[in-house]
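The values are calculated or read from the model by the stated rules, or taken from the named source; none is laboratory data. Small disclaimer: the values here were computed from a predicted structure and weren't measured. Glycine gets a Cβ as well: all are built from the backbone with ideal geometry, and neighbour counts include every protein chain shown.
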Amino acid sequence: MSAVRTPVLAGNWKLFKTGSEGAEFVAALGRRLGRIQGVDVVVAPSFTALYQVAQVAVEHGIGVASQDVYWEEQGAFTGEVAPRMIKDTGAGWVIIGHSERRQFFGETNDGVARKVRAVLHAKLRPILCVGELEEQRVAGETEQVLKTQVEAGLSMVEATNMSSLALAYEPVWAIGTGRTATPQQAQEACAFIRELVVEKLGTNAAATVRILYGGSVKPDNAAELMSQDDIDGGLVGGASLEVESFAGIIEQSRATRT
Ligand code: PEP
């Protein structure tokens, strides 16, 4: 399925970087990349750093994402952060259903679906993460796992929302392990996910939605991964923590589209 989709390169900073460290980082990244064109660059700091990072990021055309969200707009939900609060920081994106949230914090497919709906309702852009565990891949269950996660995550989404949403295919065995999926494995999974979008929301929605690969993306493997037909960018953890390596990934990815 061919379409022109602007790649997204999103850096997931996890539990690293304070507000001032993040602000310094985006200033340095902005200087390093110059005027960013032809690619959406996004960084995802902790909640407490969103405002400070967004203040600087906007000057450099860099987007900001939160790493999670709650689905309610307000109420007695101690410790949670609502979509409108994230929007108020200046962030425009929200990562939802990251495997670390699913594995360590009890994130469920039902919660993911509610978060996606709430984020779209607030006019923010979800990055919906899906991916199989190693034992599921070995058991031949990858497609079934992706089908369950994608169908649940998109269960409250309309076709018209798909230009605002990105899906991230992140095989759990490749996250933070240095074991990148081969370009063929990543392409196969992303193509399968795009087919699921066709089935659920139609061809136009599937041609529009950006599907990212995540899992040990580095400057030296980015070009080959990002040149696959159904891969429209990357969700990058470890290698997004240093300006030079994240800039290298962005440049490699941009080069595949020119
Ligand atoms: C991630 O955290 O989403 C991720 C892909 O991490 P890493 O790039 O370090 O594997």
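Among the residues making up region 59-106, those that are polar (S, T, N, Q) and within 19 Å of residue 10 (Cβ to Cβ) are 66, 67, 89, 99. If the condition is being more than 14 Å from the ligand (Cβ to nearest atom) and surrounded by fewer than 20 Cβ atoms within 10 Å (Cβ to Cβ), then region 248-258 contributes 251, 255, 256, 257, 258.
If you go through region 219-247 and pick out every residue that is buried (at least 18 other Cβ atoms within 10 Å of the Cβ) and charged (D, E, K, R), you end up with 2. Pairing each residue of region 234-258 that is among the hydrophobic types (A, V, I, L, M, F, W, C) with any residue that is in a strand (DSSP E or B) and more than 14 Å from the ligand (Cβ to nearest atom), provided the two are 6+ apart or on different chains, yields C-beta distances under 9 Å for 246/41; 250/41. Checking each residue in region 53-80 for being farther than 16 Å from residue 19 by Cα and under 19 Å from the mean Cα position of the chain (by Cα) picks out 61, 68, 69, 70, 71. Among the residues of region 188-218, the ones that are within 16 Å of the ligand (Cβ to nearest atom) and either surrounded by fewer than 18 Cβ atoms within 10 Å (Cβ to Cβ) or not in a helix (DSSP H, G or I) (or both) come to 9 in all.
Looking at region 195-206, is at least one residue modelled with pLDDT of 95 or more, touching a strand residue (DSSP E or B) at 6+ places or on another chain (Cβ under 9 Å) and among the charged types (D, E, K, R)? Looking through region 195-206, none of the residues is modelled with pLDDT of 95 or more, touching a strand residue (DSSP E or B) at 6+ places or on another chain (Cβ under 9 Å) and among the charged types (D, E, K, R). Looking only at residues in region 219-241 that are within 15 Å of the ligand (Cβ to nearest atom) and outside any helix (DSSP H, G or I), which one is nearest to residue 32 (Cα to Cα)? Ranking the qualifying residues of region 219-241, first place goes to 241.
Candidates in region 162-202 are the residues that are among the basic types (Lys, Arg) and more than 16 Å from residue 126 (Cβ to Cβ); of these, the one that is nearest to the chain's Cα centre (by Cα) is 194.
In region 95-127, which residues are within 16 Å of the ligand (Cβ to nearest atom) and small (Gly, Ala, Ser)? 97, 99, listed by residue number. Close contacts from region 171-186, counting a first residue that is closer than 20 Å to residue 145 by Cα and a second that is more than 10 Å from the ligand (Cβ to nearest atom) and of a type in the set (Gly, Ala, Ser), with Cβ to Cβ under 7 Å and a gap of 6+ residues or different chains, come to 171/181; 174/181. Scanning region 147-174 for residues that are within 16 Å of the ligand (Cβ to nearest atom) and touching a strand residue (DSSP E or B) at 6+ places or on another chain (Cβ under 7 Å) yields a total of 7.
Of 154, 133, 128, 124, all but one fail to be of a type in the set (A, V, I, L, M), closer than 15 Å to residue 199 by Cβ and in contact with a helix residue (DSSP H, G or I) (Cβ under 8 Å, 6 or more places away or on another chain); the exception is 154. Going residue by residue through region 78-94, is there one that turns out to be within 16 Å of the ligand (Cβ to nearest atom) and either buried (at least 24 other Cβ atoms within 10 Å of the Cβ) or more than 24 Å from residue 173 (Cα to Cα) (or both)? Yes, the conditions are met somewhere in region 78-94.
Results for (1) out of contact with any strand residue (DSSP E or B) (no Cβ under 8 Å at 6 or more places or on another chain); (2) touching a residue at least 24 places away in the same chain (Cβ under 8 Å); (3) more than 16 Å from the ligand (Cβ to nearest atom), shown as yes or no for each residue.
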| residue | (1), (2), (3) |
| --- | --- |
| 10 | no, yes, no |
| 14 | yes, yes, no |
| 27 | yes, yes, yes |
| 33 | no, yes, yes |
| 46 | yes, yes, no |
| 55 | yes, yes, yes |
| 61 | no, yes, yes |
| 68 | no, yes, no |
